[in-house]
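Asker: Attaching a single structure in structure tokens format; questions to follow.
The values are calculated or read from the model by the stated rules, or taken from the named source; none is laboratory data. All values derive from a computational prediction rather than experimental measurement. Note that we place each Cβ from the backbone using ideal geometry, even for glycine, and neighbour counts take in every protein chain shown.
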Amino acid sequence: MPAKPSTSPLGIVAGRGDLPARLAEQAQAQGRGVFVLALTGQADPAAVAAYPHAWVRLVDGAAALKHLRGAGVEELVFAGAVKRPSLMSLRPDRRAASFLAKVGWRALGDDSLLSAIVAEFEAEGFRVIGADQVWGDGRMPAGALTKARPDATAWRDIRRAVEVVQALGAVDVGQGCVVQQGIVLAVEAVEGTDAMLRRATDLGRDGPGGVLVKLAKPGQNRRIDLPAVGLATVEGAIAAGLRGLAVEAGGALLMERAAMVRTAEAAGLFVYGIDPARVLAEHSDDDP
């Protein structure tokens, strides 16, 4: 029997970008209260100002627990990118220092650390859920969302980009790549997808436009670090002169689906949900 939805406020641990605010909007539209735990130096003050919130440093473990329990939070969702801090800048409190000593300092920023954070919050009695459980459109579906579809040239670029992104993900670097005519124009690192697309804008070549591929990293904890694509991604791809987006089906959060598809359709851009393993296994130029 499925668990009943929690009636307690949804706790949103807020990093960078507008995803925390969008998730708060979604939760409130569903009739649920929210409490935002905003990470100092990471979250945008304007994005959290409209919601009940508290600010904590990334390594103020005791304060984080106190705020969440004081707000009556039982369920937590992690939203927004977090810039990796240097070890020298952390200055963890006693609670966070104990946690870091347990997981190992070298794990800082790795997928293993994210999984350890989830386990730590769950050990404290919180239920950690994925952003896709809050966002109405959920995860990226398989196949085309648009009338436009990849042609043979685009599929070759998609395959090349999948190879690159999987290699990047294996060493915990990034989740995205732009390829045009077999040439890697840009890869995603700490700057994020939007900045990568802006970089690719100046690197495009004559001829058929490139493609953006977004994949979850191998071994990634998808409850805490799910890639997201939305209207801004499509707009960035259009500005960069790309032909389309290929996004891992089930491996990325799909935001603003209607607006995203409408904008892509107007520009003749394809948006396609892919299975990376099937893409790599397919040797013909047919649609996998």
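Asker: Considering only residues that are touching a strand residue (DSSP E or B) at 6+ places or on another chain (Cβ under 8 Å) and of a type in the set (K, R), which ones fall in the stretch 134-180? Full working, then the answer.
Answerer: Applying the first criterion (touching a strand residue (DSSP E or B) at 6+ places or on another chain (Cβ under 8 Å)) to the stretch 134-180 yields 134-135, 137-146, 148-150, 154, 157-158, 160-162, 164-165, 168, 173-180.
Within the stretch 134-180, R139, R149, R160 meet the criteria.
Asker: Just the residues that are β-branched (V, I, T) and more than 16 Å from I117 (Cα to Cα), please, taken from the stretch 33-67. Please lay out each step first, then the result.
Answerer: Kept after step one, since they are β-branched (V, I, T), are these residues of the stretch 33-67: 34, 36, 40, 48, 56, 59.
V34, V36, T40, V48, listed by residue number.
Asker: Identify all residues within the stretch 230-250 that are buried (at least 23 other Cβ atoms within 10 Å of the Cβ) and hydrophobic (A, V, I, L, M, F, W, C); write none if there are none.
Answerer: V234, A237, A240, L242, L245, A246, V247
Asker: Let me ask something else. Could you tell me which of the residues L203, L242 is over 21 Å from the mean Cα position of the chain (by Cα), outside the structural domain of E25 (by TED's automatic domain parsing) and touching a residue at least 12 places away in the same chain (Cβ under 8 Å)?
Answerer: On the way: L242 fails: over 21 Å from the mean Cα position of the chain (by Cα).
Only one candidate qualifies: L203.
Asker: Just give me the residues in the stretch 261-274 being hydrophobic (A, V, I, L, M, F, W, C) and assigned to a strand (DSSP E or B), in sequence order. Spell out how you get there, then give the answer.
Answerer: Narrowing the stretch 261-274 to residues hydrophobic (A, V, I, L, M, F, W, C): 261, 264, 266-267, 269-271, 274.
Matches in the stretch 261-274: F270, V271, I274.
Asker: Please go through the stretch 65-83 and give me each residue that is modelled with pLDDT of 90 or more and of a type in the set (G, A, S), ordered by number.
Answerer: If the condition is that a residue be modelled with pLDDT of 90 or more and of a type in the set (G, A, S), then G70, A71, G72 are the ones that fit.
Asker: Against the definition (touching a Phe, Trp or Tyr at 6+ places or on another chain (Cβ under 9 Å), closer than 25 Å to E265 by Cα and not aromatic (F, W, Y)), how does A131 come out, yes or no?
Answerer: Answer is no for this residue.
Asker: Still on this structure, I have one more. Scan the stretch 164-180 residue by residue and report those that are modelled with pLDDT of 95 or more and farther than 18 Å from A252 by Cβ.
Answerer: Selection gives Q180 alone.
Asker: Okay, next question. Return only the number of the condition from (1) surrounded by fewer than 17 Cβ atoms within 10 Å (Cβ to Cβ); (2) modelled with pLDDT of 55 or more; (3) within 19 Å of the chain's Cα centre (by Cα) that D110 does not satisfy.
Answerer: It is condition (2) that D110 fails.
Yes/no per residue for (1) closer than 25 Å to P20 by Cβ; (2) among the hydrophobic types (A, V, I, L, M, F, W, C); (3) at pLDDT below 90; (4) part of a loop (DSSP other than H, G, I, E, B):
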| position | (1), (2), (3), (4) |
| --- | --- |
| E191 | yes, no, yes, yes |
| P208 | no, no, no, yes |
| A216 | yes, yes, yes, yes |
| R222 | yes, no, yes, yes |
| D225 | yes, no, yes, yes |
| A246 | no, yes, no, no |
| G251 | yes, no, yes, yes |
| A259 | yes, yes, no, no |
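Asker: Picking from A50, A46, A27, which residue would you name as being more than 21 Å from A195 (Cα to Cα), surrounded by fewer than 17 Cβ atoms within 10 Å (Cβ to Cβ) and not aromatic (F, W, Y)? Break it down stepwise before answering.
Answerer: Values: A46 fails: more than 21 Å from A195 (Cα to Cα); A27 fails: surrounded by fewer than 17 Cβ atoms within 10 Å (Cβ to Cβ).
Among A50, A46, A27, only A50 is more than 21 Å from A195 (Cα to Cα), surrounded by fewer than 17 Cβ atoms within 10 Å (Cβ to Cβ) and not aromatic (F, W, Y).
Asker: Taking the condition outside the structural domain of E163 (by TED's automatic domain parsing), modelled with pLDDT under 90 and either part of a strand (DSSP E or B) or more than 19 Å from G130 (Cβ to Cβ) (or both), does D286 pass?
Answerer: yes
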